[in-house]
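The next block holds one structure in the form of structure tokens; read it before the comments.
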Amino acid sequence: MLKVENISKTFYKGSINEKIALNNLSLTLGEGEFVTVIGGNGAGKSTLLNCISGVYEIDAGRIFLDGTDISYSPEHKRSKYISRVFQDPLMGTAFDMTIEENLAIAYAKGKPKGLRPGISKADIALFREKLALLELGLEDRVKEKVGRLSGGERQALTLLMATIVKPKLLLLDEHTAALDPVIAKRVLQLTDKIVEEEKICTIMITHNMKAALDHGTRTIMMHEGKIIMDLDGKDKEGVTVEWLIEQFNRKSGTELDNDRMLLG
Amino acid sequence: MPLLMSLATTLQGSLELGIIYAIMALGVFISYRTLNIPDLTVDGSFTLGAAVSAVLASISQPFTGLALAFISGCIAGTFTAMLTTKLKIQPLLSGILMMLALYSINLKVMGNKPNIPLLNKPLIFDFLQGINSGKYAKLVFLVVILAIVLALLFFFLKTKLGFVLRATGDNEKMVRALGVSTDVMIIIGLAISNGLVALSGAMIAQYQSFADVSMGIGMVVIGLASVIIGEVIFGVKTLMRRLIAVALGAILYRLVITIALWLGMPPTDLKLVSAVIVTVALSMTAIKEKVLSFKLRCANSGRYKGERM
Ligand SMILES: Nc1ncnc2c1ncn2[C@@H]1O[C@H](COP(=O)(O)OP(=O)(O)OP(=O)(O)O)[C@@H](O)[C@H]1O
Ligand SMILES: [Mg+2]
């Protein structure tokens, strides 16, 4: 499905501020695989997703999606197959447009944007049905502007927008970090539900160690632009947060430092 | 009594002008609100429309003049958008550069003359004489044109393309994440915006029977004033309401200026007054916040009066 081969990314190359964010990193994801990613501050997690989605151009290496080389295709072209949910709830929606208009834009993803009406009756029925699955009552507020939703509601909506047309790859960058714990849990449950039902290949960055272990089929740990641990399937079972931290400290030779890292 | 009569005639004229300027304001609405780009090309593209329309009217093609003016405005907008998206020049600067370039281009279009008089040339308003020579014929004709422009714009903004265009101004990152090139959207948006501005300039030239190379100066400020005044007074609740508000804003602006002139304000003060109006309108939010926080503070200190040190 996704094949990342020896990619590197250095910011401010050649200056005193030079920062190696990704260092010869490789990662392969199979069909329907759901990977959670953890790591300290500046480990390169976000950079990895940004390189895969085309926000940053890689310095070296190759990225394949479904066998196609997408290493240098522009961000908006990759977006037809790769969906993203950002950490900031403001990033995923157009605040001055209604819920149904936002969904309509997401639903038209990859299709030509002609002069046909933006929303049809059938679309609205579908949107209501999908919104009902979120169990947030948004299905009755489709004509309301998104700017009036709470962060959690927006993030749930963004998740729906990211998956209403099934993507080949879903990238989640700490998409629950800005939400209060109750809502965060709800959005995580929704993520599980959608990813499992639709069998979407997913990479989810989280600062919550326990969430990383509880969700997904595989967990990787990043440090200084490299993957230092990769727990797949059976290996992941029975792993505790304490063991994970101990492994991190041993493999990286440093203490795990992530000011937002949650253990429980 | 004759004084009132003259005022009525003046007001009707100003109403007619306001309706034409409303089309320009709708153009500014597209760039400033829908795309969130303050586009200064407007000063140049307004004159460009007027110039093209005047040149074609002087060879007896007034309606073709309007169409070509719209297209030339679209092209000007496309150039500005290219400077911003492809060459990564800041939008404000791109607009200024285009405005400057258009000054020379407009002079070329006008055959290197600073103005083109259109007296005794066939104009778009001429056919009205055949249908109805009444006092309000022109006014009705202009209202119809404005209504058509409003309707077309409304339906356009409600199409799939229109949705993405609106989202581009709201959140570029999201639009790219949803698989659309924001560059293309900015090009389409600025093209339409300046097309409308040029159309408005074209109609003004025919309405007042001349085109002048400096008639666009300050147009962007008038456009912004119309957008903001319209939104503040007539509301922004739905898209339709917002578009109508912008058009009404332009008309209201024109009426206010006319009355001020009629009351004796020297015409040379016009630009100063425009600048002041826009400054007040733009600072409205900040002022509102200040007032609100002041009120809150007063209420608070009132509550704790007894315990203040
Ligand atoms: N746009 C950028 N310009 C310059 N440096 C950057 C940029 N983006 C990331 N970096 C640097 O690259 C390194 C990796 O950053 P990245 O954002 O990928 O870390 P992260 O693992 O997501 O960390 P966090 O947990 O804090 O989100 C950091 O040192 C960061 O300062
Ligand atoms: Mg990050």
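The values are calculated or read from the model by the stated rules, or taken from the named source; none is laboratory data. All values derive from a computational prediction rather than experimental measurement. When we count neighbours, we look across all protein chains shown, and the Cβ atoms used for this are built from the backbone with ideal geometry, even at glycine.
Restricting the search to helices (runs of 4 or more DSSP H) fully inside region A:167-264 and requiring at least 1 residues that are within 15 Å of ligand 2 (Cβ to nearest atom) and on the phi < 0 side of the Ramachandran plot gives A:209-214. In region B:217-240 there is at least one residue matching the filter, namely being touching a residue at least 24 places away in the same chain (Cβ under 8 Å), surrounded by fewer than 20 Cβ atoms within 10 Å (Cβ to Cβ) and outside any helix (DSSP H, G or I). Scanning region A:23-43 for residues that are within 13 Å of ligand 2 (Cβ to nearest atom) and at pLDDT 95 or above gives a single hit, A:VAL37.
Checking the structure you have, find out if any residue of region B:180-189 is at pLDDT 95 or above, closer than 22 Å to B:ASN106 by Cα and among the aliphatic types (A, V, I, L, M). The answer is yes; a qualifying residue exists. Identify all residues within region A:1-20 that are loosely packed, with under 15 Cβ neighbours inside 10 Å and within 15 Å of ligand 2 (Cβ to nearest atom); write none if there are none. Correct list: A:PHE11, A:LYS19. The set of residues in region A:36-56 that are in contact with a Gly (Cβ under 6 Å, 6 or more places away or on another chain), within 9 Å of ligand 1 (Cβ to nearest atom) and within 17 Å of A:ARG218 (Cα to Cα) contains only A:LYS45. Of all the criteria given as (1) closer than 27 Å to A:THR68 by Cα; (2) more than 14 Å from chain B (Cβ to nearest Cβ), the one not satisfied by A:LEU170 is (2).
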